[in-house]
Amino acid sequence: MIVLQWLGARFYLKILHVPKTVLIPVVLVFCVVGAYALNNTVDNVYVLLLFGLIGYLFVKFGFPLPPFILGVILGDQIETNLVRAIMTDADPWLFITRPISGVMLGLSVLSVGLALWQHRRTEARLAESAEPEVEF
């Protein structure tokens, strides 16, 4: 694969020079054809268009897309593994008392806390810089 990528890199970079007015409709047609070819039903195309509309609305109203995409892609695997873990031990403290899962949960909580702290710090700096200075 590395050799194939190395040989084709020159041609792959030419896509950057294709105008968006040409590239976007071509990609959209490939998506519709792929959705239809999945099960040979138009229902898949409707689902594609529905989720395309939802994605557009997410972008329009400022929702972050990466968490949504990760949730859609990894949701089934996470649910399956959660059921497996609960089947091995029904103790709700299972995820905290085990070292690896405890560290992962701790890092997750730390990550959310850090993001909230940075957000509040940024808002405080913006509010501080927006206040007019009064001199006596």
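Readers should treat all values here as calculations from the given coordinates under stated rules, not as data from a laboratory. As the structure is a computational prediction, the values presented were derived from the model and not from experiment. Neighbour counts run over all protein chains shown; Cβ positions are idealised from the backbone, glycine included.
Observations
- When Rg and Dmax are taken over the Cα atoms of the range 82-128, they come to 16.7, 53 Å.
- Debye-sum result for the range 10-68 in log10 I(q)/I(0), which assumes one identical scatterer on each alpha carbon, at q = 0.26 Å⁻¹: -1.00
- Over the chain, dividing the summed -39,500 (n - 2.57) contributions of all DSSP H runs of at least 4 residues by the number of residues returns a 222 nm mean residue ellipticity of -27000 deg cm²/dmol.
- Charged-residue dipole, Cβ positions (Lys, Arg, Asp, Glu), the range 1-118 about Cα centre, Debye nearest 20: 600
- Span-rule helices in the chain, defined as complete DSSP H runs reaching 20 Å or more along the axis (Cα) with Kyte mean at least -0.5: 20-39, 43-60, 65-88, 99-130
- Here the ratio of the Cα radius of gyration of the chain to 2.2 N^0.38 Å is 1.67.
- For a label point 7 Å along the Cα-to-beta-carbon line of Tyr46, residues of the range 16-37 with backbone N under 19 Å: 32-37
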